[in-house]
1. Given charges of +1 on the Cβ of Lys and Arg and -1 on the Cβ of Asp and Glu, with all other atoms neutral, how large is the dipole of segment 1-108 about its Cα centre, in debye to the nearest 20?
2. So how many Lys-Lys pairs in segment 278-326 land under 24 Å Cα to Cα, not counting same-chain pairs under 8 apart?
3. Please compute the net charge surrounding Asp337, taking Lys and Arg as +1 and Asp and Glu as -1 over other residues with Cβ under 13 Å from its Cβ.
4. Of Leu263, Phe239, Ile227, which is farthest towards the positive pole of segment 212-290's charge dipole, taken about the Cα centre with +1 and -1 on the beta-carbons of Lys, Arg and Asp, Glu respectively?
5. Helix 185-194: angle to the longest alpha-carbon principal axis of the chain, degrees 0 to 90, nearest 10?
6. Straight-line reach only, C-alpha to C-alpha below 19 angstrom: list the aspartates and glutamates that Lys111 could link to, leaving out same-chain residues fewer than 8 apart.
7. Which FRET efficiency value, to the nearest 0.05, is calculated for Val305 and Glu91 with the Förster distance at 35 angstrom and r the Cβ-Cβ distance?
8. What distance in nm separates the two pseudo spin-label positions at Asn83 and Gln412, each 7 Å out from Cα along the beta-carbon direction?
Amino acid sequence: MDLVNDNSCNWINNLDKRFNIKTLDQDKTCDWLIVGAGYTGLSAARKLSELHPNQKIIIVDAQLAGEGASGRNSGYLVDTTLNDGFSSNKELLNYKKKTDIYKLGIDAVKKFIKEYHVDCDWNESGKYFASSNQKDLKILENFSKTLLKLNFEHNILEKDDLCKRLGTNFYNLALYTKGGILLHPGKLVRAMIDSLSDNVELLENTQLDEWSKNNDTIICKFNNHKIITKKVIFCTNGFLNPLGIKKNYNFPLTLTASMTRTLTDREYKSIGEPKEWGVLPVRPMGATIRMTKDKRILIRNTAEVHSPFKMSKTELDKRSLNQKLGIKKRFPSLADDIIESSWSGVVSRTRNSSQIFDKIDNNVFVAGCYNGSGIGVGTLFGEQIAIKASNQNSDEINIIESRSKPTWLPPQPFLNIGIKTRLIFERFRSRSDV
Ligand SMILES: Cc1cc2nc3c(=O)[nH]c(=O)nc-3n(C[C@H](O)[C@H](O)[C@H](O)COP(=O)(O)OP(=O)(O)OC[C@H]3O[C@@H](n4cnc5c(N)ncnc54)[C@H](O)[C@@H]3O)c2cc1C
């Protein structure tokens with residue numbers, strides 16, 4: 001398993017460098033082991049330390065904490081995600097459950113940043129589901145009906161209005177939702193690392209290779225050492241399969257993104273000085289594109305089955321070129337060499353877009369697989385899996401557990417063939433908006 005990410009993500013590189021990184025250098029025992037230090041694992045650690053201030057909690061990560069998907073995503077904390085509209089009440093009810101979870105996720109992040117005075121460039125700017133293709137109006141109208149039934153404030157916008165707001169005349173229509181927050185993902189996850197309390201030991205560059213359970217003891221093997229723990233929570237998101245967890249219920253996808261340098265005053269004026277905004281595509285394989293608080297443009301327009309997980313520089317350069325074209329299409333007046341940083345990251349998907357939140361054996365728990373909504377839902381699920389693993393209950397757990405469970409996936413190689421075929425089809429349908 002090769003987990004080490006590229007080190008070319010500006011969200012992370014623009015943060016202060018971290019020191020005092022500790023690695024597992026001897027055998028250890030603990031009450032709780034958390035595997036994976038992204039939003040989920042760090043939130044689980046924070047909650048466990050509140051619930052058990054006198055117990056020993058260890059959290060490990062194969063790379064530097066927060067430098068997986070959590071530090072390299074697009075920074076949309078979502079209240080809603082697009083669907084094609086629903087005809088039956090059961091489907092509407094399922095969508096409502098999904099948005100109830102998103103809301104709890106937003107509340108969990110809000111509570112965290114308030115309590116720890118976190119500056120993560122929080123902006124309640126709402127978001128646009130935008131398209132250049134007039135034919136997508138039908139999809140947006142159906143989505144609007146669903147949002148109306150559930151009282152989400154929104155409106156449909158046309159080209160002229162969008163051009164003023166976004167600084168590009170690329171889009172012909174969009175559905176704007178007032179809910180939804182834009183933030184700096186790296187600052188958020190860094191704050192979660194910095195606020196870990198004293199009874200949590202963070203060990204980085206410490207990859208779990210194998211684990212086994214012997215009655216009430218869980219033995220976790222790393223490179224040269226082991227950790228023996230009473231309880232374990234797996235929060236490795238796109239890397240659950242190599243650990244043999246929920247194997248037929250989730251699969252990883254690799255995404256790539258690029259970010260420009262800060263636009264010069266002249267460039268910014270030339271596109272009409274728009275306020276910070278975030279666009280999500282109407283079709284799944286279209287581009288996510290965002291104007292950041294510090295006037296950079298971020299674009300994410302690939303999702304693929306990719307193995308090994310770390311992407312080579314040559315492969316990343318190809319994706320970056322594609323992203324340069326995506327920016328050029330929308331902002332033809334901007335310079336060609338404007339991209340400053342490109343990176344890849346791994347997300348975890350389930351077949352029916354439902355998340356994993358489970359006890360898989362006595363004292364063995366797992367939370368993960370949020371598709372594109374892990375900022376809020378990961379924070380929420382991390383906290384709530386810690387509560388569940390402590391044999392306690394909460395209203396949030398009741399809501400989470402009433403969602404539909406992830407559905408079964410076929411084994412390899414059929415799974416990858418199916419996913420690749422679907423991605424080709426979706427890419428074709430989204431081709432105008434990449
Ligand atoms: C390019 C991109 C854009 C995205 N955009 C958005 C967005 O706008 N909004 C949104 O909500 N979500 C977005 N996502 C998804 C979001 O980032 C994830 O859902 C979220 O970060 C999941 O958090 P996590 O803590 O569960 O997992 P991760 O952040 O993936 O953390 C898992 C950690 O486990 C570690 N690990 C894995 N295996 C092992 C092992 N064997 N031993 C030890 N450690 C291990 C990894 O190193 C990693 O740090 C995006 C993701 C990407 C890649």
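Derivation of every value follows stated rules applied to the coordinates shown; laboratory data play no part. Source: prediction; values computed, not measured. Don't worry about glycine lacking a Cβ; one is built from the backbone with ideal geometry, like all the others, and counts go over all protein chains shown.
1. Values: 13 positive and 14 negative charges, 56 e Å.
Dipole size: approximately 280 debye.
2. Numbers: Lys293/Lys324; Lys295/Lys324; Lys310/Lys318; Lys310/Lys324; Lys313/Lys324.
For segment 278-326, qualifying lysine pairs total 5.
3. On the way: positive: Arg261, Lys324, Lys328; negative: Glu267, Asp336, Glu340.
Result for the local shell: 0.
4. In segment 212-290, that residue is Ile227.
5. The helix 185-194 is inclined about 20 degrees to the chain.
6. Partners found: Glu50, Asp79, Asp100, Asp119, Asp121, Glu124, Asp194, Glu383, Asp395, Glu396.
7. On the way: r = 28 Å, r/R0 = 0.80.
Efficiency for this residue pair is about 0.80.
8. 3.2
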